[in-house]
Amino acid sequence: MDESRPLFELPAVRLPPFAQLAAAARECERLQLVRRLARWTGRRRVTKAGTLLLADARAAVRELGLPEHPQARSATGFPELSALWSSVVGMHLVEGGAGRAEYRADADDGSDRSVVELWIDLLTSTLRQLPAADDGLVLPVLMRLYVDTRGNTVEGLAEHAVTASLEIGLDGAALEPAALPSRVLAALDPSVRRLVESLAAIDALIVEDELVRLTDLGRFGLVHWFESGGIGAPFVMDLAGATVAEVLDLGLTQDSAFEEWFGLVGPEVATDRILEYARGGTPTHRVVAFGMLNQIGVVAERAVRACLDDPDLRPHANAWLSARGLPAGESTLDDLHRVFIDMVATDLDGHPRSARESIRDLANGIGYDPAALFENLWRSDHPDTLPVLRALAEHFPDQTAARVARKGVMRLESEAPPQTTASTTS
């Protein structure tokens, strides 16, 4: 396996320019306190456990304006300070040795990059400080927040965490869908709230009208946290540099959002990127690409015409040109078949609806004799001809057309080379 590739990849997200993320990191009060504590430390003695001495702890809480806890008998008696000190140590803002902790000025040079990197370290430190019992909830909850920009309730996040754990079970125990009484969600609620409060304290998320959603800074921090765990998390800061795959992931194919991308890159660049996305791709790539070209219009003619030499794109290019009354190459029956197969295969390729529903929707939209269309479909050398014919044979509601598709399946299966089974000799 290619170890450089992520285990799986989340959809791309759109983020503001880096300077805006740096400004948000600078304004984070929690990070300001951590940096102040690190600078205040200078070079001080610490206990064998690596905590501040009691006198220094009292001085630190006064310096930072934290609760003083007069009854405390050690630095651990100042929970607010202890949490900050754990972050200072975890973020390597101090280095220790010989009973002392010394501030590392080189780790905090004040640049935009340094501040953002420190905030990402703060996020990591915050997640590490959560109770071990919450570990199983962190990943599903954060992934849910990451991909859903609309926001979620705490109850919704708890329910998602349970649902995401069904396949592997909670605490290693199998969990059936029926075993989701309200008491299970109620038991998870404190853990989810603890996670939400911890992230809100570092400006990674906000809570508005009972909806929890990530900030841009929080989403950018999670990009790095996910990637450190082998999960791909692509993002786009410069929309003008976005690939078509990223534009699709970002949902920028409709109305003003697409117009924004199109306005930034211009018609020629947009067309070239769309066709590059289609070349050598799947049926879905081709169907989606030419659908995007519909939004660009006749200014794409030159680039589309250049596709007439590409056997996979030629059928779509001819159809696109003809639909606009533009000169096109001579279309063949095979061209029609290839476009049709692409369209059917796209609906069957990872579509959320069942194959039956997809084919029935297709049948409702066909304005010509389907049996005549299916008659010679089996002759196409399209790689998806057989699976498409099988789907049509099984689910097409017009029985005459379905029967024609079944004949095509039998022809292809009879012409397929026999599969050989390897044998061994002793």
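If you go through segment 47-96, how many residues are open to solvent by 50 Å² or more (accessible area, probe 1.4 Å) and in a helix (DSSP H, G or I)? Going through segment 47-96 one residue at a time, the tally reaches 10. Determine whether segment 307-322 contains at least one residue that is open to solvent by 50 Å² or more (accessible area, probe 1.4 Å), within 25 Å of L412 (Cβ to Cβ), in contact with a Cys (Cβ under 9 Å, 6 or more places away or on another chain) and not acidic (D, E). Yes, there is a match, as at least one residue in segment 307-322 is open to solvent by 50 Å² or more (accessible area, probe 1.4 Å), within 25 Å of L412 (Cβ to Cβ), in contact with a Cys (Cβ under 9 Å, 6 or more places away or on another chain) and not acidic (D, E).
None of T282, T243 is of a type in the set (S, T, Y), at pLDDT 90 or above, under 30 Å from P383 (Cβ atoms) and surrounded by fewer than 20 Cβ atoms within 10 Å (Cβ to Cβ) except T282. If you check P315 against the conditions, is it assigned to a helix (DSSP H, G or I) and within 22 Å of D334 (Cα to Cα)? For P315, the condition - assigned to a helix (DSSP H, G or I) and within 22 Å of D334 (Cα to Cα) - is met. Here E330 passes the criteria (1) under 39 Å from the mean Cα position of the chain (by Cα); (2) open to solvent by 40 Å² or more (accessible area, probe 1.4 Å); (3) within 24 Å of A300 (Cβ to Cβ); (4) not aromatic (F, W, Y) except the one numbered (1). Tell me yes or no: at least one residue of segment 192-200 is open to solvent by less than 20 Å² (accessible area, probe 1.4 Å), part of a helix (DSSP H, G or I) and at pLDDT below 90. There is at least one residue in segment 192-200 that is open to solvent by less than 20 Å² (accessible area, probe 1.4 Å), part of a helix (DSSP H, G or I) and at pLDDT below 90.
Among the residues of segment 37-46, which ones are of a type in the set (A, V, I, L, M) and either in a strand (DSSP E or B) or surrounded by fewer than 17 Cβ atoms within 10 Å (Cβ to Cβ) (or both)? Steps first, answer last, please.
Keep residues of segment 37-46 that are of a type in the set (A, V, I, L, M), which gives 37-38, 46.
Of everything in segment 37-46, just one residue is of a type in the set (A, V, I, L, M) and either in a strand (DSSP E or B) or surrounded by fewer than 17 Cβ atoms within 10 Å (Cβ to Cβ) (or both), namely V46.
Restricting attention to segment 333-377, the residues that are aliphatic (A, V, I, L, M), buried (at least 18 other Cβ atoms within 10 Å of the Cβ) and over 16 Å from P283 (Cβ atoms) total 1. One residue is enough: does segment 246-264 have a residue meeting the conditions open to solvent by 10 Å² or more (accessible area, probe 1.4 Å), β-branched (V, I, T) and part of a helix (DSSP H, G or I)? No.
If you go through segment 229-239 one residue at a time, do you hit one that is part of a helix (DSSP H, G or I) and at pLDDT 85 or above? Full working, then the answer.
Filtering segment 229-239 for residues part of a helix (DSSP H, G or I) gives 239.
Narrowing the set further to residues that are at pLDDT 85 or above leaves 239.
Scanning segment 229-239 turns up at least one residue that is part of a helix (DSSP H, G or I) and at pLDDT 85 or above.
When E80, E68 are checked against the criterion of being more than 36 Å from the chain's Cα centre (by Cα) and among the charged types (D, E, K, R), a single residue qualifies: E68. Looking only at segment 352-381, count every residue that is modelled with pLDDT of 90 or more and farther than 18 Å from R406 by Cβ and tell me the total. Count: 1. Name the residues in segment 97-117 that are open to solvent by 30 Å² or more (accessible area, probe 1.4 Å), assigned to a helix (DSSP H, G or I) and within 15 Å of V34 (Cα to Cα), would you? Once the filter is applied, which keeps residues that are open to solvent by 30 Å² or more (accessible area, probe 1.4 Å), assigned to a helix (DSSP H, G or I) and within 15 Å of V34 (Cα to Cα), segment 97-117 yields A105, E117.
Find the residue count for segment 43-60, including only residues that are within 15 Å of P79 (Cα to Cα) and over 44 Å from the mean Cα position of the chain (by Cα). Final tally of qualifying residues: 5.
Residues G281, G329, G325: which one is out of contact with any strand residue (DSSP E or B) (no Cβ under 6 Å at 6 or more places or on another chain), at positive phi and not in a helix (DSSP H, G or I)? Going through G281, G329, G325 in turn, just one is out of contact with any strand residue (DSSP E or B) (no Cβ under 6 Å at 6 or more places or on another chain), at positive phi and not in a helix (DSSP H, G or I): G325.
So, D347, is that one part of a helix (DSSP H, G or I), within 29 Å of the chain's Cα centre (by Cα), at pLDDT 90 or above and acidic (D, E) or not?
Details: part of a helix (DSSP H, G or I): yes; within 29 Å of the chain's Cα centre (by Cα): yes; at pLDDT 90 or above: no; acidic (D, E): yes.
It is false that D347 is part of a helix (DSSP H, G or I), within 29 Å of the chain's Cα centre (by Cα), at pLDDT 90 or above and acidic (D, E).
The values are calculated or read from the model by the stated rules, or taken from the named source; none is laboratory data. Keep in mind that what you see is a predicted model, and the values were worked out from it rather than measured. So basically every Cβ, Gly included, is an ideal-geometry build from the backbone, and we count neighbours across all protein chains shown. Areas reflect the complete protein model, heavy atoms only, side chains present, ligands, DNA and RNA absent. Shrake-Rupley method; radii C 1.70, N 1.55, O 1.52, S 1.80 Å.
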